[in-house]
């Protein structure tokens, strides 16, 4: 029955999209901005610049969160 | 229709809260169910959020949702990113919530559950959340500048520098006192020590996984990290009972102190991805999970509060911390009611990520209410314990001795009847050899949590597991804070020393980095060591010092907010910041004064120092000091603590004078003199 499998696939892809959004939100909580949004932003505003790779971007976010961005304690 | 619904909803919340308080008020003298306390607190938070924070946003600050925020104006996809308000709320909460709200309320429970609860609620609604929210607002209007820079802008260069030095001093004290909490929890506890030690290789493995095997997969790595952690708790019991491994992991207080000092120096020199970041993820997951579990546990188990509403120790003779209710309750509970530290976070990354000024209320005010709720639950967990157990766990050795018999006798004589059998049984239930004199909040909270969670899940046989889970959870995020705080302290030292000798300020220059890391670790390590050998058990000495420092910082932040309101020509609303400022100044200056000059040695640093110095001169020993040299060291440490306290007092007094002069000038000015970034139209986000 193609119709039901189609809707199943649709539900599955919606579920995946939801999962991706959830992951993105989690990363946001840990101070890691959305990489795709960064790429889109850079392409739109500074087309000539070479963007950071995904790994570099992630490393940069870690560095910002933990090295001298201000105290996070009590 | 919507309006009617809203009236009904908020009316219902008010009625529920009223019931909670009525249950507490009508049952005074009898035991009250903890559910009432937590429900009443929740109702207060909802009402304060709905009405008071709205008033502050709309009337006092004139929040303008159509005014472009720094994230919108400077959007670069990296530093400045407009962020979904729920994500930012999580980010902000994860940054402000630490061990503070779990320790202070537990210590304050010695005065009964009522004083702590009332201060937590009144403090957060009128002071703590107000500070977090207005500092965030002020920073958003100034391109996300930091507290130090804003004090410089609005109050002048000298106050700006003073504030920075003050922040560094508070950092040092907080790192020492948090480490001391870990020492108190792990001393003579092979099970606890093993599980904490196991977090180091687990974090390293996670770090490598996220860096090389599956870059950026935070969720996956954290999930397997949590599983390994739970496994290490399970393994910990076997290790503790093992004939040769057990003794190997049984360490005394000074040994653990040295281990933490070395850990701080090494961990803060490693790249962040290797250890700090994975530990940060683990502790955030555990923190959120544990807080949710505790909240559900309290509602499922509905335990009775066994601590009296008010104990006789409000007169200042309490064994946990010395000094009477006023002013010492108000500096013992800092985080959860009002915490100066948050002003650094509200002016850190949060203002650079906020989408709209309309979100300031939820993130600033709402974030702090959530932290206060955590503090209320910590207080509840401490107050459902048998009060006898509470005092046995939190009184120093000098007062209750070192055996269960002696401790039971002393604590029973205070009116909290307890037998040596119950003490020993409690220790056995949680899988420890002793529970005597484990001050510092973490172990007490862990026993309270273990009893609540074991009743909800697993029964008596699981109590030892839950106890060590709670210890692990607290120690993990304290050690994360030690690592992160040492890095921040090093940067601050480099920033300051760079003015003295330029190469020291160069963060790319390895010898300068090593030197400043060493200096930072030595500073907090000194206070930690002093706490471990302190005759009154350390927490008694260092926690008030931290409380005074933290509240002083809150005073400075609120003074800044007051000056800004005056400069905005909103003087008719200035009471919103002026009332909490005045209260903080009165309590902390009184507490500071008493800690320095009070004639009772348990309260006054100078009196205690003199007591030891004179005894040393006469050749008599006061326990636990074992030599004249140790006696002299205790005397010196007390004079040093008096000096640190004096520094905080002078600092805040100077700030007050500056703020007053500038406020008067602003009052005379005909127009607003505030230094905001000019308004730009932005897209409104509700």
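Some notes on this structure:
- Taken along its principal axes, the alpha carbon cloud of region B:189-246 reaches lengths of 41, 15, 14 Å, longest axis first.
- Inter-chain shielding of A:56-64 (mean C-beta neighbours from other protein chains, 10 Å cut-off): 5
- Helix B:367-383 and the longest principal axis of the C-alpha atoms of chain B enclose an angle of approximately 20°.
- Segment residue B:629-residue B:50, extension gain: residue separation times 0.36 nm, minus the distance between their alpha carbons: 202.6 nm
- Pairwise Cα separations in region B:554-634 fall into 10 Å bins from 0 onward with the following percentages, short to long: 18, 27, 17, 15, 14, 8, 1.
- Kirkwood hydrodynamic radius of the protein assembly as shown, from the reciprocal of the average inverse Cα-Cα distance over all distinct pairs: 26.8 Å.
- Each 10 Å bin from zero holds the following percent of Cα-Cα pairs in region B:133-209: 16, 24, 22, 22, 16, 1.
- Value of Rg/Rh across region B:211-302 [Cα atoms, Kirkwood radius]: 1.05
- The P(r) of region B:511-617 has a tail past 20 Å containing 58 percent of all C-alpha pairs.
- Cβ neighbours within 10 Å from other chains - mean over B:75-86: 5
- Considering only alpha-carbon pairs that sit under 8 angstrom and 6 or more positions apart, the relative contact order computed for chain B is 24 percent.
- Degrees separating the helix B:420-429 axis from the principal Cα axis of chain B, which is the longest one: 60 degrees
- Global size of region B:18-170: 19.5, 60 Å for Rg and Dmax (C-alpha atoms, Rg to one decimal, Dmax whole).
- Protection-proxy order for peptides B:471-482, B:137-148, B:423-434, each taking the mean of Cβ atoms within 10 Å per residue, highest first: B:471-482, B:137-148, B:423-434
- For region B:442-558, alpha-carbon Rg over 2.2 N^0.38 Å: 1.46
- Sorted largest first, the principal axis extents computed over the alpha-carbon atoms of chain B equal 72, 66, 61 Å.
- Helix axis angle, B:253-267 relative to chain B longest principal axis, alpha carbon, degrees: 40 degrees
- Computed log₁₀ I(q)/I(0) - Debye formula, equal Cα scatterers, no solvent, region B:595-646, q 0.28, 0.31 Å⁻¹: -0.99, -1.11
- Per-pair calculated FRET efficiency, R0 = 30 Å: residue B:76 and residue A:14 via Cβ, rounded to 0.05: 0.40
- Efficiency of FRET from Cβ geometry, residue B:243 and residue B:640, R₀ 41 Å, rounded to 0.05: 0.40
- Across all Cα atoms of region B:332-401, the radius of gyration (one decimal) and Dmax (whole number) stand at 17.9, 58 Å.
- With both labels modelled 7 Å from their Cα along Cα-to-Cβ, the residue B:579 to residue B:654 distance reads 3.2 nm.
- Here the relative contact order of region B:484-632, from alpha carbon pairs under 8 Å that lie six or more residues apart, stands at 12 percent.
Quick note: the coordinates plus some simple rules give every number you see, no bench work behind them. Remember, predicted model here, so these are calculated numbers, not experimental data. All Cβ positions, even for glycine, are placed from backbone atoms using ideal geometry, and neighbour counts span all protein chains on display.
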